[in-house]
């Protein structure tokens, strides 16, 4: 069964205003400058591998840090908080020998985000906040060979991805997520495995949640890493009947705009966007300020392209606060009604009729 009260509240909120999704978790973690010892905590003090950089582990070893980040974004005006679970599945955790911790990480991360949202919901119950269980792309791709000399080789299968994602989503549901967010999609086949696994997790738990889909256009070519245009990507994922579809990461707002407009033109779902805070500088850091970023995404709101807006790499609560202020003066996009036609996708879209 669906968590009806939460789903209904989300639908109502989305009909009334542009929803704000939070900003970067990694950026905020790095502000704390956590050491190897901080990542390990007491529980993993003697772990046999280095774990610095395993940000998902912090939900177990530094939960107060992660909940504080969530609360900073909520205070800045976020309606949707992403769990710190971008890489919390067995495939990515294998890098640290922590595969067996994946489900525990997802449960713990969702509980932290849930506690933060519940705290703010009690303060202002008229403005509900929602937990989005974040499902990242993994560090492998099912569509592209990692070996340039063997184009047919794959280092992960659809079924391996599906099993990893199912465990992750079950944990996110158990921890109290309101939404499942399949994000930063560079390979549509990975995303289709995540979508299939999410539906399996709904069947296994008896809980159905709204699904958000967020792809990544990797460069000015206007395509995902696996080669699809934004429109073709949507046709590949439309069968999930998601609450929203959109784009995040890779690009700043200026470069992302035409692809958001493309999705808004063809998708009969809400449109989300959380771009980076510009492009990284020579040091890999992001220089775009909160006011600058907010001014760059405001035309999307004025033009009626957006239902959900926030920030990805380099963004902070300051960025989200400025975006939320601009969003408060604009109305959400009206979901497009699409005429029934045959719509197929390869790397390019095909529409018949």
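The values are calculated or read from the model by the stated rules, or taken from the named source; none is laboratory data. Everything quoted here is computed from the prediction, not taken from an experiment. Neighbour counts are summed over all protein chains in view; Cβ atoms, including those assigned to glycine, are modelled from backbone coordinates with ideal geometry.
Number of residues in the stretch 265-287 that are within 22 Å of residue 18 (Cα to Cα), surrounded by fewer than 23 Cβ atoms within 10 Å (Cβ to Cβ) and either over 21 Å from the mean Cα position of the chain (by Cα) or modelled with pLDDT of 95 or more (or both): the value is 3.
For residue 314, state whether it is in contact (Cβ under 8 Å) with a residue 12 or more places away in the chain, in a loop (DSSP other than H, G, I, E, B) and closer than 18 Å to residue 248 by Cβ.
Working: in contact (Cβ under 8 Å) with a residue 12 or more places away in the chain: yes; in a loop (DSSP other than H, G, I, E, B): yes; closer than 18 Å to residue 248 by Cβ: yes.
Against the criterion (in contact (Cβ under 8 Å) with a residue 12 or more places away in the chain, in a loop (DSSP other than H, G, I, E, B) and closer than 18 Å to residue 248 by Cβ), residue 314 qualifies.
Would you say residue 61 is crowded, with 19+ Cβ neighbours inside 10 Å, in contact with a helix residue (DSSP H, G or I) (Cβ under 8 Å, 6 or more places away or on another chain), farther than 22 Å from residue 163 by Cβ and modelled with pLDDT of 95 or more? Reasoning before the result, please.
On the way: crowded, with 19+ Cβ neighbours inside 10 Å: yes; in contact with a helix residue (DSSP H, G or I) (Cβ under 8 Å, 6 or more places away or on another chain): yes; farther than 22 Å from residue 163 by Cβ: yes; modelled with pLDDT of 95 or more: yes.
In short, yes.
Listed by first and then second residue, the pairs with beta-carbon distance under 6 Å, at least 6 apart or on different chains, first residue in the stretch 337-353 and on the phi < 0 side of the Ramachandran plot and assigned to a loop (DSSP other than H, G, I, E, B), second surrounded by 12 or more Cβ atoms within 10 Å (Cβ to Cβ) and modelled with pLDDT of 90 or more, are 338/268; 341/351; 347/227; 347/228; 348/232. Residues that are out of contact with any strand residue (DSSP E or B) (no Cβ under 7 Å at 6 or more places or on another chain) and either under 18 Å from residue 237 (Cβ atoms) or modelled with pLDDT under 95 (or both) within the stretch 157-177 comprise 158, 161, 162, 166, listed in sequence order.
Of the listed requirements (1) surrounded by 20 or more Cβ atoms within 10 Å (Cβ to Cβ); (2) modelled with pLDDT under 95, residue 180 misses just one: (2). Return yes when residue 89 is within 18 Å of the chain's Cα centre (by Cα) and surrounded by fewer than 21 Cβ atoms within 10 Å (Cβ to Cβ) and no when it is not. So residue 89 fails the test.
Among (1) at pLDDT 95 or above; (2) assigned to a helix (DSSP H, G or I); (3) farther than 22 Å from residue 246 by Cα, which single condition is residue 5 missing? With (1) at pLDDT 95 or above; (2) assigned to a helix (DSSP H, G or I); (3) farther than 22 Å from residue 246 by Cα applied to residue 5, the lone miss is (1).
Within the stretch 107-135, the set of residues being in contact (Cβ under 8 Å) with a residue 40 or more places away in the chain, surrounded by fewer than 22 Cβ atoms within 10 Å (Cβ to Cβ) and part of a loop (DSSP other than H, G, I, E, B) comprises 127, 128.
Within the stretch 220-250, the set of residues being part of a strand (DSSP E or B), under 17 Å from the mean Cα position of the chain (by Cα) and surrounded by fewer than 23 Cβ atoms within 10 Å (Cβ to Cβ) comprises 249, 250.
Okay, residues lined up against (1) over 21 Å from residue 5 (Cα atoms); (2) in contact with a helix residue (DSSP H, G or I) (Cβ under 6 Å, 6 or more places away or on another chain); (3) in contact (Cβ under 8 Å) with a residue 40 or more places away in the chain; (4) not in a helix (DSSP H, G or I):
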| residue | (1), (2), (3), (4) |
| --- | --- |
| 139 | yes, yes, yes, yes |
| 148 | yes, no, no, yes |
| 167 | yes, yes, yes, no |
| 180 | no, yes, yes, yes |
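Being without any contact (Cβ under 8 Å) to a residue 12 or more places away in the chain, surrounded by fewer than 24 Cβ atoms within 10 Å (Cβ to Cβ) and farther than 23 Å from residue 344 by Cβ: is that true of residue 207 here? For residue 207, the condition - without any contact (Cβ under 8 Å) to a residue 12 or more places away in the chain, surrounded by fewer than 24 Cβ atoms within 10 Å (Cβ to Cβ) and farther than 23 Å from residue 344 by Cβ - is not met.
Considering 104, 160, the condition of being in contact (Cβ under 8 Å) with a residue 12 or more places away in the chain, under 17 Å from residue 63 (Cβ atoms) and not in a loop (DSSP other than H, G, I, E, B) is satisfied by 104 alone.
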